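For reference, the structure discussed in these notes is given below.
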Amino acid sequence: MKNDYYSTLSVDRNAANEEIKAAYRKMALKYHPDRNPGNKEAEEKFKEAAESYEVLSDPRKREIYDRYGHEGLRGNGFQGFSGFEDIFSSFGDIFEDVFGFGSGRARSGTAARQGSDLRYDLKISFMDAAFGTSPEIEIERFEKCVECEGSGSAPGTQPAVCPTCRGVGQVTRSSGFFSISSACPQCHGAGRIIENPCKACRGTGKTRVKKSIQIKIPPGVETGSRLRLRGEGEEGEFGGPRGDLYVFIYIEPHKFFERDENDIVCRISIPMTQAVLGGNVEVPTLEGTERIKIPGNTPHGKIFKLRGRGIPHLRGFGRGDQLVQVTVEIPTGLSRKEEKLLREFAGLRGEL
C-alpha cells in the first residue's frame, strides 16, 4: 500500500501550492541520494516525496487523487517515476531553487536544441482567400555552412577539444554533499573550441540563405489565419530538429464584395422606376454574374439572398450566402419634360 501523499509531505489536505513546494524542497534536501549514499531507506523516502509532489503540484492529478485515491491515478495512466534520472529531469528547477544551480545528476554533454521558429506575413487577394491558392514564398533562414560543413572551422582544419571541460561541455563543482554540473564557461557547453574560424560563416557553422517554398492555402481563410509548416524554420543546435515556419494571412479588401464570416455582402443600385415597377438585374458573384428578379415596390435597403454563393467553410462542407442590398437611385438632372411628368405623377397621388 502506498502512503498518503499529504502525509508523506506533512502538509494539510487544503495546503496551497507554495506550501507543498516548500515541503518537497525540505524533504528533497534531507533525503537526496548524494547526501545519503547507500541508504536505501532515504532513497525510498526521496522517491515517495517526488511522487507526492508530482501529484499534489498538478491541479488535475490532485483532484483525481482527492476523489479516487491511488486507484484513480492508476486508471488515468499515472505510474510514478521510473528512477532517479526521471525525477531529476522533471524537477530540475526545484534543485536550482535550493542549491543555486542545476543538479549534478543532469546529463553530461551538450543537449540537442530545436531550431527557432520563423514568421512570414503573406498578403493575398479576396478571391484567393475565397477559393484557396498555392503561392510560392521566399524566406531567409540559417543553413549549415557548405564551406565548413557546419563545423565552424576553416576547411582542412578541425575544432579543438576544449581544454577546460575536455570535450564534455560541462564542468563539475562541489557544494557540500552534492556534485553540481554546469555549462563550461570557456566553450559554453559545446565541448570544442574554434581556433581557425571558417571565413564564410565566421566560425558559426551557419550562413543565411534564401529558400523558396510552395504553400497551400485552403479556401475560406480569414485575415489573421495562421498556417504552420513543420520543419521549415531554423536548423536545430547539436543535432536538434528544425523549428517551424508560421505563415500569417492578410487579405486585401475587394472593391465590390465585403465579408461577414462566411457570407459576402454587396450593394447594387437600381433606378427608382425599377424599384417601383420591378424588373431583372445582373448581379456580380464570386463566379460570374447572376440575374435576380426585383419585385415591384422594392424599398431602399432591401436585401436579397443568393444561397450558397458565399465563402466556403474552412473546416467543413458547404458555403455561406451572398447578400445583395439594393440602393434606390433618386434621379437628378431632370429635363423639363421629365420634371413635368413627375409633377403630374405627384399630383395624381396628391403629393403636391
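The numbers here are math on the coordinates, done by the rules we state, and not lab data. Predicted, not measured: the structure shown is a model, and the values here were computed from it. Cβ placement follows ideal geometry from the backbone for every residue including glycine, while neighbour counts extend to all protein chains displayed.
Quick rundown of the values:
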quantity	calculated
Folded to 0 to 90 degrees: helix 59-75 orientation relative to the chain principal axis, Cα	70
Length added when fully stretched, Arg74-Ile193, from 0.36 nm per residue minus Cα-Cα	38.0 nm
Difference of contour (0.36 nm per residue) and Cα-Cα distance, Glu344 to Phe248	28.4 nm
Cα long-axis angle, helix 40-56 against the chain (0 to 90 degrees, to the nearest 10)	10
Theoretical FRET efficiency, 1/(1+(r/R0)^6), r = Cβ-Cβ of Lys26 and Asp58, R0 25 Å, to 0.05	0.80
Ordering of 226-232, 335-341 by burial proxy (mean other Cβ atoms within 10 Å per residue, highest first)	226-232, 335-341
Likely footprinting exposure, Thr157, Thr8, fewest C-beta neighbours within 10 Å first	Thr157, Thr8
Cα Rg, Dmax, the chain, angstrom units	35.7, 114
Full-extension gain in nm, Ile213 to His313, via 0.36 nm per residue minus C-alpha separation	33.4 nm
Value of [θ]222 nm, deg cm²/dmol, for the chain, DSSP H segments ≥ 4, -39500 (n - 2.57) each, nearest 500	-8000 deg cm²/dmol
Burial order of peptide ranges 289-297, 192-200, 138-146 (average beta-carbon count within 10 Å, highest first)	192-200, 138-146, 289-297
Reference-scaled alpha-carbon Rg (2.2 N^0.38 Å with N residues) for the range 258-348	1.41
Under 5 Å, built H, 5+ apart or other chain: amide partners of Arg267	Gln325
Partnerless cysteines, meaning none of the other Cys C-beta atoms lie under 4.7 Å away, in the chain	Cys266
Under 5 Å, built H, 5+ apart or other chain: amide partners of Cys184	Gln170, Val171, Gly189
FRET efficiency estimate (nearest 0.05) - Cβ-Cβ, Arg228 to Val276, R0 41 angstrom	0.15
